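Scroll down for the structure; my scribbles are underneath it.
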Amino acid sequence: MSNAAPKPWRLTLSRPLPEWERVFRSGALEGADVRVGPERGFESPDDLHAFVRGAQACVTWVTERIDDAFLDAAGAQLRVVSNFAVGFDNIDVDACRARDVIVTNTPDAVTEGTADVAWMLLMAAARRLAEGDRFVRSGAWEAHGSLGPTEFLGMPISGKTLCIVGAGRIGYATALRSIGWSMRVTYVARSRKPRFEQAPLCAQRVSLEEGLRDADFVSIHTPLTDETRHMIGAHEFSLMKPTAVLVNTARGPVVDESALVEALGDRRLYAAGLDVFEREPKIHDGLRALENVVMTPHFGSGDMRCRLQMSELCARNVANVLSGDGAVTPV
Ligand code: NAP
């Protein structure tokens, strides 16, 4: 007996995704009833819950909480929650499993774009890009006159040590980019990652403490879990070199933001590059006031190719689950 969902398939996309009219209405999804939420998302969970009622597949965005209340609102016909992200800390996976709702994510599609942003933040923080831009844009440079030989100095990158915390797909892609800067790479992981240790990276596995003590650049790439929440806090900053740069493109709560503000403010840490924040889009007032932090609005996967690939992978997951064939990338 086929395990396909009865047609016409009812899908909700809580936001318009790249090329959704084509991607979610062609191939196996042709003829599907696709409802699309507002560009900026729903104002309240109640509005989101009312929107997903009756859907067999919900394509969700990282700021939406997928919990019992969401699942109750959607109804018992729901087969799949297809998260438009690789991270799925917004989803109560156990609650979904208890109802036989399959959860999928978008691994690989986000990897290169997010690694680009990690690398962009690393360079920007080391070489004071945002500070320099403010200096030029505000007219301060004109008022100040040409820079002298010891003004606006930054940290060198080539030949330095990069420590990757969370040695998965994005961590690896970020590490690979360091080859162009002849960096030494270390990695922190719960289990050995042979591809980090093989050529071309030839990276060394270290404990978190060793990695932090020794690195000039630390880039975080773990998922947000109970184990990684506040994994980098006051104690960890005390281990790092005062010349070191921290980059976080993973999830904000992996870093204790108040401790980060103190470390940066006291110059116990040279600089930070952040794409993610503890209470985003709210930004810690202390961070705003600091010159030695470069911030971007959680747009790691936000290049045109990544976002289209994410859209296509979400659609393939939905089509496969509703056809009874099983998900392409289940969580
Ligand atoms: P991934 O391939 O699953 O890599 C995550 C790595 O973290 C795994 O190798 C995992 O290794 C490791 N890890 C998990 N818990 C750990 C711990 N306690 N200590 C040390 N390592 C730990 O995931 P990915 O595709 O690289 O994505 C990583 C994260 O980036 C996502 O979860 C997401 O939150 C974030 N992200 C952000 C953006 C953005 O826009 N800024 C975009 C995409 C992704 P083991 O399980 O083997 O230990």
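Any read-out appearing in this document is the output of simple, stated calculations on the displayed coordinates, not a laboratory observation. Model, not experiment: these values are computed from the prediction. Cβ atoms come from the backbone with ideal geometry, glycine included; neighbour counts cover every protein chain shown.
Structure data summary
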{"read-out": "DSSP-defined beta bridges in the chain - what % are antiparallel, rounded to 5", "value": "5 percent"}
{"read-out": "Simple Cβ-charge dipole of region 53-100, Lys/Arg +1 and Asp/Glu -1, about Cα centre, in debye nearest 20", "value": "220 debye"}
{"read-out": "Inter-label distance for ARG25 and ARG190, nm, one decimal - labels placed 7 Å from Cα along Cα-to-Cβ", "value": "4.3 nm"}
{"read-out": "Residues of region 80-106 with amide N under 20 Å of a point placed 7 Å along Cα→Cβ from ASP47", "value": "84"}
{"read-out": "Peptides 146-157, 27-38, 310-321 ordered by average Cβ neighbours within 10 Å, highest first", "value": "310-321, 27-38, 146-157"}
{"read-out": "Shape category assigned to region 1-102 from the gyration tensor of Cα positions, a/c cut at 1.5", "value": "oblate"}
{"read-out": "The chain - percent relative contact order, Cα under 8 Å, separation 6 or more", "value": "20 percent"}
{"read-out": "Highest average packing first - 80-90, 121-131, 226-236, Cβ atoms within 10 Å", "value": "80-90, 121-131, 226-236"}
{"read-out": "Computed FRET value (nearest 0.05) for GLU262 with ARG137, which takes r as the C-beta separation and R₀ as 25 Å", "value": "0.30"}
{"read-out": "Per-bin percent of Cα-Cα distances, the chain [10 Å]", "value": "6, 24, 28, 22, 14, 5, 1, 0"}
{"read-out": "Beta bridge orientation in region 181-331: antiparallel %, DSSP, nearest 5", "value": "5 percent"}
{"read-out": "Ellipticity estimate at 222 nm from DSSP helix runs (n ≥ 4, -39,500 (n - 2.57)) divided over the chain, nearest 500", "value": "-9500 deg cm²/dmol"}
{"read-out": "Magnitude of the charge dipole, region 74-169, Cβ model with Lys/Arg +1 and Asp/Glu -1, debye to 20", "value": "60 debye"}
{"read-out": "Assigned charges on the beta-carbon of Lys, Arg, Asp, Glu; the chain dipole about Cα centre (debye)", "value": "780 debye"}
{"read-out": "For peptides 290-301, 62-73, sequence by mean Cβ density within 10 Å, most packed first", "value": "290-301, 62-73"}
